[in-house]
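Structure first, then comments.
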Amino acid sequence: MDRAGESGGAAAFVRSRRGALLALARPYQWIKNGLLFAALVFSDRLFEPRDVGRAIVGFVAFCAVSSTGYIINDIHDREADRMHPEKRMRPLAAGELEAGEAGALAVVLALIGLMLSLGLGVTFALIAALYVATQFAYSHYAKQIVIVDVIVVACGFVLRAYAGGVAIDVPVSPWLVFITFVLALFLALARRRHELVVLGEGAVGHRGPLGEYSVPLIDQMISIVTAATLVGYMIYTASPDVARRLHTEHLFLTVPFVAFGLLRYLYLISECDEGGDPARLVLRDRPLLISILGWIVADVILLYF
């Protein structure tokens, strides 16, 4: 990339058009779609080729529709993003792409995602379409309503987890829905906290509803959902019904990984002013990444060996 001067929040580096389009899709965020594999792992289907294939197709489909959601959000927020120290580097806010180009890419990705989804059945396609509709509603309406904004974000994660079960034709556990929801609330609230800390008095100018939050209030909310996430997961791993269904009584051994991950994330958002982008933070912070990978490996060993 070539260096160029900044102008009104433009990026310090000018990307090629192809690079800008790729950045617009935010491929690093696709890590979130790994939730689609949760049902595969926890339904004893991890080594079933057909189910693995369907889960991968579902993952790719959600990568396409989630990128559609990011583009919709960037189109809507391109003016406000220019006032944000990090978001101003996004292709639309930086003036590297026109809204029409971004809209065309969003349509193409939405069509790809929905066509792949139809291959997994009508129900999966409806979930994918609902996800896109939810992202549109979030970008244009829900993000302007305090508390509703983080709940809608959390619902997007739940749709991912639910889609994973539908893709391989297994019932979706209420535990999976509950734990995914409260964990996603935790991440969404952490992001709001980061915005308040980074933007300071400019938070309201960036997005009005941020003025209705405060760091102490969000810290209280984070305490609630963190406790709900950890306690919910502990009850899940110790449940006799879950032990019978998963054929293991030792899933509780994975609790330390979850506890460390949550506490590490709390440390990062409270002491290091992180939390603005969960996907980047997971990929950047080695202890956090190791805890997640350790949890995945421990689950696979306990469930399958």
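What follows draws every value from the coordinates through simple rules; no lab data is involved. The structure displayed is predicted, hence computed values, not measured ones. A quick note on method: Cβ atoms are made from the backbone with ideal geometry, for glycine too, and the neighbour counts reach across all protein chains shown.
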For 272, 63, order by how many other beta-carbon atoms lie within 10 Å, fewest first: 272, 63
Region 246-305-region 116-134 distance, computed between alpha-carbon centres (Å): 29
Neighbour net charge for residue 30 - beta-carbon separation under 13 angstrom, K R +1, D E -1: +4
Helix-only [θ]222 nm of the chain, DSSP H runs n ≥ 4, -39500 (n - 2.57) each, per residue, nearest 500: -22500 deg cm²/dmol
In range of the label at residue 47: residues from region 228-258 whose backbone nitrogen is under 19 Å from the point 7 Å along Cα→Cβ: 245-251
Of 200, 103, 276, the one that fluctuates the most in a GNM where the chain has Cα springs shorter than 10 Å: 200
The chain, relative contact order [Cα under 8 Å, separation at least 6], %: 18
83, 234 arranged by Cβ crowding within 10 Å, fewest neighbours leading: 234, 83
Rounded tilt (10° steps) of 255-271 against the dominant C-alpha axis of the chain: 20
Residue among 22, 114, 288 with the largest mean-square fluctuation in a Gaussian network model of the chain, springs linking Cα atoms under 10 Å: 22
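Taking the Cβ of each residue in 194, 250, 76 as the centre, tally the other Cβ atoms inside 10 Å and list the residues starting with the fewest. Kindly include the intermediate steps, with their values, before the conclusion.
Numbers: 194 21, 250 13, 76 17.
So the ranking, lowest neighbour count to highest, is 250, 76, 194.
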Loop chymotrypsin sites (Phe, Trp or Tyr not before Pro), region 14-116, which have at most 13 other Cβ atoms in a 10 Å radius of their Cβ (DSSP): 47
